[in-house]
Amino acid sequence: MRPILVQIPSKLLFFVALALAVVFFVRDLRVRRRVSGAKLGANPLLLVAAALALVKFRSPTASFIPETGTFSQPWLPVPIYAYGVMLGTAMIVGWFLAMRNAKQDGLSTEAAGAIYMWSAVFSIVGARLLYVITDLMIHGNTSAFFHDPIEIVRVNNGGLVAYGGMIGGTLASWYGCHTRKIPLLKWVDVGSPSVVLGTGITRMGCFLFGCDFGRRSDLPWAISFPKGSPAWHRHLAEYGLSPDATRSFPVHPTQLYEMLAGFFLFALLMYLRRVRRFSGEVFLGWVLGYGILRPLIEVLRDDDDRANVGPLSTSQFIGITSVVLGTALLIHLIRRYRRDPEGSRLWETPLAVGVGGGASVSGAVGVSGAEGHAPRKRKKRR
């Protein structure tokens with residue numbers, strides 16, 4: 001367990017931010033002298049704002065402006081949290097994977113990049129909102145969110161639910177595709193592998209943080225978390241763990257189970273992209289696969305930050321619901337494929353020029369460009 005990977009000295013970051021602001025400002029001035037009408041960039045202002053934020057939140061000063069003695073007193077370091085690093089890594093890796101898949105399926109990288117970015121933003125929003133909802137369901141008017149709504153936006157204090165992120169990201173994807181006149185089934189087969197790979201990567205962050213732990217176990221691979229961890233506190237309160245104990249009881253490493261589930265589903269979805277018969281098949285591999293595996297892993301979870309819908313946890317309820325809806329969609333798509341095989345293979349149908357964020361798809365007009373060559377036609381599969 002290592003919730004904080006490293007702590008960076010705040011004073012060092014303050015002076016680095018100011019130095020970079022000067023460098024960017026001088027660069028912009030030189031560009032403006034060479035190029036008539038060139039505008040000054042926003043990077044210097046953003047870096048200065050970041051430096052002043054360090055003065056406000058990491059130094060003893062109560063304002064954004066440095067005061068007498070500000071630099072003679074110690075500043076709080078800037079913690080780099082393991083979960084944040086893993087979440088950021090997941091988004092970056094997912095970006096490159098989505099761009100690769102978009103090129104293969106004849107989507108412009110401009111449109112795919114915009115949809116991916118907004119889907120990532122709203123996945124965090126959705127994950128936070130579902131956490132807030134479940135916390136209110138559990139604690140009612142004793143919840144911190146009930147007494148201080150500002151806590152809702154303090155994501156740095158922890159609290160994201162995977163299914164909320166998936167729902168938020170899916171809704172953002174639908175809107176992004178709708179505004180760009182891109183068939184949703186064409187996009188979701190592009191983005192789904194990034195989602196499951198990201199799930200696997202971020203669960204390593206959960207493991208390092210110590211949250212989402214499992215039930216007590218005596219299996220050879222059961223692990224114990226150190227004193228002060230969420231598992232240690234729960235075992236102290238519920239299972240008679242001695243206050244002098246340096247570690248919790250051994251538990252199921254459910255975070256690693258979910259990490260392996262994410263990597264397994266990623267391999268499955270990449271295989272489905274090679275053998276798929278109709279658009280939506282890859283997406284349904286994610287919906288059905290995660291909808292089955294997540295409720296099973298939930299049985300082994302023991303953290304108390306989960307609300308219930310009847311006898312089911314919220315994630316079990318959403319997972320089972322997604323399997324039912326996904327099965328209905330699968331039946332519909334199979335029937336449509338049997339009626340119109342060619343029309344069901346949207347990755348082989350180029351988009352019209354100008355569709356998808358204003359960038360033409362080179363495969364649609366038969367010219368080379370940023371998107372490479374036209375998608376290769378595949379043989380029919382029956």
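Nothing in this text is a laboratory measurement; each read-out follows from the coordinates by a stated rule. Please read these numbers as outputs of a predicted model, since none were measured by experiment. Cβ: placed from backbone, ideal geometry, glycine included. Neighbour counts: every protein chain shown.
Quote to one decimal, in nm, the extra length available between residue 40 and residue 321 on full extension: 0.36 nm per residue of separation minus the C-alpha distance between them. Provide the component values of the computation, followed by the final result.
Values: separation 281, 0.36 × 281 = 101.16 nm, distance 5.12 nm.
Contour length minus the Cα-Cα distance gives 96.0 nm.
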Options (i) 20.4, 64; (ii) 21.0, 67; (iii) 24.5, 77 for Rg and Dmax of the Cα atoms in Å; the value derived from the coordinates is listed as (iii)
Report the calculated FRET efficiency for residue 147 and residue 8 (r = Cβ-Cβ distance, R0 = 30 Å), to the nearest 0.05. 0.40
For the chain, with the dipole built from +1 on Lys and Arg beta-carbon atoms and -1 on Asp and Glu ones, taken about the Cα centre, which of 138, 287, 317 lies farthest toward the positive end? 287
Below 13 Å, Cα to Cα, which aspartates and glutamates can residue 39 reach? Residues fewer than 8 away in the same chain don't count. 28
Order of 302, 105 from fewest to most other C-beta atoms within 10 Å? 302, 105
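Just add up the charged neighbours of residue 17: K/R +1, D/E -1, any other residue whose Cβ is under 14 Å from the Cβ of residue 17.
Numbers: positive: 11, 56, 58; negative: none.
After counting each charged neighbour, the total is +3.
Test of understanding: ordering 16, 323 by Cβ neighbours within 10 Å, fewest first, what list do you get? Intermediate values should be presented prior to the final figure.
Details: 16 15, 323 18.
Lowest to highest Cβ neighbour count: 16, 323.
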Ascending count of other beta-carbon atoms within 10 Å, so fewest first, for 342, 298, 67, 258: 342, 67, 298, 258
Two-decimal ratio, the range 4-76, of alpha-carbon radius of gyration to 2.2 N^0.38 Å: 1.35
Just to be sure I understand: with springs between alpha-carbon atoms less than 10 Å apart, which residue in 282, 23, 153 has the highest mean-square fluctuation in the Gaussian network model of the chain? 23
Might you report the magnitude of the Cβ-based charge dipole of the chain about its Cα centre, with Lys and Arg at +1 and Asp and Glu at -1, to the nearest 20 debye? 1980
